[in-house]
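Novice: Encoded as structure tokens, here's the structure I'll be asking about.
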């Protein structure tokens with residue numbers, strides 16, 4: 001019994017490690033007088049160690065804690081994605097939180113708690129673990145969204161995020177309740193064994209549908225996207241960055257694990273619903289993004305659209321789609337963190353100055369930043385040789401193979417629409433003269449390093465997609 | 001069917017009688033020496049004068065918040081207490097982990113001064 | 001013994017009351033209470049199924065939902081207080097800086 005406990009804790013090393021790391025950082029915050037630098041370095045080093053642990057347990061595929069947590073394989077890969085997002089976020093935010101007056105040490109340990117939650121959310125094989133992971137991820141994020149508590153926009157964003165997040169939790173957990181009632185268990189693998197019998201039970205399908213509503217809220221798919229633009233615009237920029245990359249990645253990873261890999265709703269009505277969500281997200285996200293003046297709000301609508309593209313992969317199902325969506329998540333994570341990061345560099349201390357017009361003449365002031373942001377914009381459009389291209393490519397290929405050519409066509413058309421608003425940013429940066437108010441970018445060494453990593457990653461994955469594809473293929 | 005509810009009715013009846021009798025009995029038997037302080041709504045609390053939108057100190061909120069969180073956490077200890085023997089050392093280790101996590105939160109709260117009244 | 005349908009119908013009615021409350025009320029605190037009502041209706045569902053199936057998983061789940069609801073209450077009320085200090089209101093119609 002005890003040995004079992006120890007082996008299980010070791011096999012889920014990244015999660016165990018993150019729990020310990022979060023607690024250590026909380027203690028540093030409580031006991032040290034000037035905790036900021038220590039917390040930063042302990043968090044960063046701890047995250048890197050945890051990435052190492054995730055790689056180390058990669059071969060240990062199986063389950064732990066009597067089949068309620070997944071180990072190795074998929075769990076490791078998703079953990080590496082979240083940990084990388086967290087590491088890049090705290091590096092990019094190092095100077096930023098100082099600038100906006102959020103340099104409480106709490107920033108770091110909240111990020112660590114969120115990351116722990118993401119990892120359990122995506123590795124949960126018991127709906128209980130999935131639920132607790134979801135909440136461990138969401139609750140610290142409500143705080144992070146309003147961490148600059150005297151800023152009107154940030155508190156408003158926090159309130160909206162909290163109310164709608166808690167609302168969606170209600171649906172999610174009611175869905176779990178109905179599934180439990182129909183199956184008598186919350187173990188996903190046990191349910192999956194008899195999935196064909198349950199699929200004809202109306203209450204079970206209602207439960208699955210309610211869970212899907214909860215997931216759709218978290219990934220920001222239309223029509224559950226109302227909170228996305230407000231929250232991304234109002235929250236501190238690096239928090240929005242972490243939300244749009246890490247949280248989306250976690251929600252998609254859990255969705256893949258529950259709906260695609262184990263329950264396998266390939267030919268049921270759930271799949272039709274996902275297809276409708278996907279089309280609505282792509283169309284509405286891309287079209288509304290056209291009229292946005294604020295850079296963060298534009299990225300919010302763009303993130304709704306990208307959720308739509310990834311939902312194509314969920315609809316198509318099968319191993320190729322899982323690999324495709326995971327690849328897309330990696331590409332999107334690096335790209336979007338970088339784009340939000342640059343916005344945070346040029347932002348004013350009162351969290352204004354993120355309009356697209358504020359990027360005027362960025363090329364004259366900071367040519368390197370302008371070029372890198374250009375790279376990110378091209379990657380978001382999905383042009384080769386950048387990471388975004390292969391993300392879309394693999395998902396579209398999987399969709400065509402599974403007979404969803406019409407979804408691919410919608411995807412391609414909406415991608416073409418998106419060219420307009422992404423390129424507008426590039427045009428503004430390179431070809432429009434500076435305005436009267438010139439903001440100087442502040443980012444420090446850590447920020448520059450993280451940005452370089454993100455940009456290099458986007459290029460590397462774009463040129464050699466197999467670097468990531470080898471890891472994310474054949475996980476199930 | 002209806003008969004099975006009779007005990008419940010009986011209990012309700014007894015409860016009502018007990019409440020009415022005991023309150024009136026203490027009024028009858030107890031000494032009555034009223035003064036101003038005694039007549040105030042909360043004898044040792046805040047004076048409830050001014051409007052209902054009275055702004056009270058945010059410190060009360062901190063106490064309430066700590067109470068909710070720690071109160072709920074205790075819920076997890078009852079099942080452990082009931083099954084203490086069956087769970088043995090494994091249960092003990094797992095609950096110790098839980099309590100350590102709680103303790104970290106508590107130390108954090110203490111050091112941040114959330115429990116200091118002034 | 002009361003049939004399981006009764007519990008399920010009651011919890012569904014509670015859940016829908018909560019949802020309607022969230023969608024129609026304008027006071028942040030009342031919206032939050034409606035969300036709590038939704039979570040409690042879920043607790044009722046779990047307990048009813050647990051008793052019906054003779055299986056403890058449901059009751060265990062209820063503990064976790066309660067703990068999560070408490071954590072959510074702590075954070076949510078803190079956010080409402082922060083907002084009130086900035087704006088002197090908790091009416092969500094007045095909370096509208098972020099518009100496109």
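Novice: Please order A:281, A:415 by the number of other Cβ within 10 Å, starting at the fewest.
Specialist: A:415, A:281
Novice: Need one word for region C:4-87: rounded, prolate or oblate. Basis is the Cα gyration tensor (sqrt eigenvalues a ≥ b ≥ c); a/c below 1.5 gives rounded, then a/b vs b/c decides.
Specialist: Here region C:4-87 falls in the oblate category.
Novice: If you don't mind, there's one more thing I want to ask. Gaussian network model of chain B, Cα springs within a sub-10 Å range: biggest mean-square fluctuation belongs to which of B:107, B:11, B:68?
Specialist: Answer for the Gaussian network model of chain B: B:11.
Novice: Using the number of other C-beta atoms within 10 angstrom as an exposure proxy, rank A:440, B:90 with the fewest first.
Specialist: A:440, B:90
Novice: Among rounded, prolate and oblate, which fits region A:329-422 when a ≥ b ≥ c are the square roots of the eigenvalues of its C-alpha gyration tensor, a/c under 1.5 means rounded, and a/b larger than b/c means prolate?
Specialist: Since a/c reaches 1.5 and a/b is larger than b/c, the shape of region A:329-422 is classed as prolate.
Novice: Can you give me the angle between helix C:28-53 and the longest principal axis of chain C, using Cα atoms only, in degrees from 0 to 90, rounded to the nearest 10?
Specialist: Between the helix axis and the principal axis of chain C, the angle is about 10 degrees.
Novice: Hey, how many Å between the Cα centroid of region A:43-107 and the Cα centroid of region C:1-78?
Specialist: 32 Å
Novice: Please say if chain A is rounded, prolate or oblate, where rounded means a/c under 1.5 for a ≥ b ≥ c the square roots of the C-alpha gyration tensor eigenvalues, and otherwise the choice is prolate for a/b larger than b/c and oblate otherwise?
Specialist: It comes out oblate by the Cα gyration axes.
Novice: Using Cα centres only, tell me the gap between region A:286-338 and region A:432-476 in whole Å.
Specialist: Their Cα centres are 16 Å away from one another.
Novice: For region B:54-118, what value does the Rg/Rh ratio take when both radii are computed over Cα atoms and Rh is the Kirkwood radius, given to two decimals?
Specialist: That ratio is 1.14, to two decimals.
Novice: Could you put B:111, B:38 in order, starting from the residue whose Cβ has the fewest other Cβ atoms within 10 Å?
Specialist: Sorted ascending by nearby Cβ count, the order is B:38, B:111.
Novice: Tell me the mean residue ellipticity at 222 nm calculated for chain A from its helices only (DSSP H runs of n ≥ 4, each -39500 (n - 2.57), averaged over every residue, nearest 500).
Specialist: Calculated from helices alone, the mean residue ellipticity at 222 nm is -25000 deg cm²/dmol.
Novice: Using the alpha-carbon atoms, what tilt in degrees (0 to 90, nearest 10) does helix C:4-24 show relative to the longest principal axis of chain C?
Specialist: For C:4-24 against chain C, the angle is about 10 degrees.
Just so you know, all these numbers are worked out from the coordinates, no wet-lab data involved. Here the structure is a predicted model, which means the values were calculated and not measured. Cβ sites come from the backbone with ideal geometry, for glycine too, and all protein chains shown count toward neighbours.
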